[in-house]
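*Asks:* Next up is a structure, given as structure tokens.
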Amino acid sequence: MIGNVLIAAIAALHAYILVLEMFLWTTPRARRAFGTTAEFAAATRTLAGNQGLYNGFLAAGLVWGLWRMDVAVFFLACVLVAGVYGAATASRKILFIQAVPAALALVAVGLGI
């Protein structure tokens, strides 16, 4: 039960990130969320859209994982690795936004709670 709630929440987060990166990248809201300037956002719009698509794939896999725990474990591990890499290369806050929730969900799924 707790594992499913965490999986669903992480899927929703990644769907939200998809929207920010694919459709709202140059808006003040997305620039605030990612700490970018208008110039940087304009120059990287295509790259951000591609990155958003990958976040959408993570969200879709996590939703699928609500019916298949082996799939959920795989996609949670992907989110965890992406979060650790993002924290190391882009922003430490990604560790707490992505990696920690994924780790908690993996623990909950592993414990069967």
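Read the figures in this text as sums done on the coordinates, not as results from a lab. Note that this is a predicted model, so its numbers are computed, not measured. Cβ coordinates were reconstructed from backbone atoms using ideal geometry, including for glycine residues, and neighbour counts include every protein chain displayed.
*Asks:* Return the FRET efficiency for the residue pair Val19, Ala88: r is the Cβ-Cβ distance, R0 is 25 Å, and the value is rounded to the nearest 0.05.
*Replies:* On the way: r = 25 Å, r/R0 = 1.01.
The value I calculate is 0.50.
*Asks:* Could you tally the net charge around Val84, taking each other residue with its Cβ under 15 Å from the Cβ of Val84, Lys/Arg +1 and Asp/Glu -1?
*Replies:* Details: positive: Arg92, Lys93; negative: none.
Around Val84, the charge tally is +2.
*Asks:* Each label point is 7 Å from the Cα along the Cα-to-Cβ direction; what then is the distance between the points at Phe74 and Ala8, in nm?
*Replies:* Result: 2.3 nm between the two label points.
*Asks:* Using only the alpha-carbon atoms, how far is helix 2-22 inclined from the longest principal axis of the chain? Give it as 0 to 90 degrees, nearest 10.
*Replies:* Computed tilt is about 20 degrees.
*Asks:* Viscosity 0.692 mPa s, temperature 37 °C: Stokes-Einstein D of region 3-113 from its Kirkwood Cα radius, in µm² per second?
*Replies:* Numbers: Rh = 14.1 Å.
In µm²/s, the coefficient is 232.
*Asks:* Taking 0.36 nm per residue of sequence separation and subtracting the Cα-Cα distance, how much length would be gained by fully extending the chain between Ala60 and Val81, in nm to one decimal?
*Replies:* Numbers: separation 21, 0.36 × 21 = 7.56 nm, distance 1.71 nm.
Here the segment from Ala60 to Val81 would lengthen by 5.8 nm.
*Asks:* Something else now. Can you give the helix-only mean residue ellipticity at 222 nm for the chain, where every DSSP H stretch with n ≥ 4 adds -39500 (n - 2.57) and the sum goes over all residues, rounded to the nearest 500 deg cm²/dmol? Write out the running numbers ahead of the final one.
*Replies:* Numbers: 6 runs with 88 residues, N = 113.
Theoretical 222 nm ellipticity from helices: -25500 deg cm²/dmol.
*Asks:* Let me ask something else. Helix 100-111 versus the longest principal axis of the chain: what is the Cα-based angle in degrees, 0 to 90, to the nearest 10?
*Replies:* Taking Cα atoms only, the helix is inclined about 10 degrees.
*Asks:* Same structure, new question: Kindly express, to the nearest 10 degrees and within the range 0 to 90, the angle between helix 45-65's C-alpha long axis and the longest C-alpha principal axis of the chain.
*Replies:* 10 degrees
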